[in-house]
Amino acid sequence: MSTISRKICLFGDFGVGKTSLIRQFVESNFSDEYLSTVGVKLSRKLVGVPQKDLLDGQDLQLIIWDIEGSNKFKAVAQNYFQGSKGAVIVGDVTQPETLNHIQEHIQTFLAVNPKSYIVVALNKSDMIAAEYLENIRKMYNFTTQNNILDTYITSAKTGNNVDEIFHTLANRLI
């Protein structure tokens, strides 16, 4: 049995929950303890995709690059984008300035990987009233742009739409 590997980058502003989303996806675990990523951290996970999309006997492994979110690191982060087939760009629904930076993150990533795909995750939805979430999703929906697959309201804490963001990307990367 062979494995197809695809590199994806997960990035966004500082403190938006990137590492927590990965931990929820890879380990089905959430911790309130804040750990700042320094540089980049790699995680791996085999994902299930429809058999019709894979050749017999193949699995898909996502190699997830969790990229530091500090502004001083922005120039270096672009080097980590090289060879990435996709990205999850994360904003925090409780911090509007992080949402306002998503378009810039999209442009930065696509400048390095113009043929790659992106999923946008509007994270920390468990911390805001449900009636506001759909309006936030509409305001920060980037799916009219090329290469943007979807925008999801997510919560690393509850697991809401966490698997979906990675599976949407994985299905396109086959």
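Values in this text are rule-based calculations from the coordinates and carry no lab data. Because the structure is predicted, anything quoted here is derived from the model rather than measured. A quick note on method: Cβ atoms are made from the backbone with ideal geometry, for glycine too, and the neighbour counts reach across all protein chains shown.
Observations, loosely collected:
- Prolate/oblate/rounded label for region 89-174 (Cα gyration tensor, a/c 1.5): oblate
- When the pairs 7/115; 45/124; 45/85; 45/115; 85/124 are compared against a 18 Å limit on Cα-Cα distance, 45/124; 45/115; 85/124 fall above it.
- Vicinal HN-Hα couplings computed from phi for region 119-130 (Karplus, 6.51 cos²θ - 1.76 cosθ + 1.60; Hz; Gly/Pro x): 10, 9, 10, 9, 8, 6, 5, 6, 9, 9, 4, 4
- Local net charge near residue 22, Cβ-Cβ under 11 Å (Lys/Arg +1, Asp/Glu -1): +3
- Looking at the chain, the DSSP beta bridges with both ends there are about 25 percent antiparallel.
- Separation in nanometres of the label points that stand 7 Å from Cα toward Cβ, at residue 43 and residue 146: 3.2 nm
- The chain: angle of helix 162-173 to the longest principal axis, Cα-based, in degrees nearest 10: 50 degrees
- Around the amide H of residue 86, modelled in the peptide plane, lie the amide H atoms of 9, 117, all under 5 Å away and 5 or more residues distant in sequence or on another chain.
- Shape annotation for region 74-120: C-alpha extents along the principal axes are 32, 21, 13 Å, from largest to smallest.
- Alpha-carbon gyration tensor eigenvalues x 5, square-rooted, for the chain, Å: 24, 18, 17
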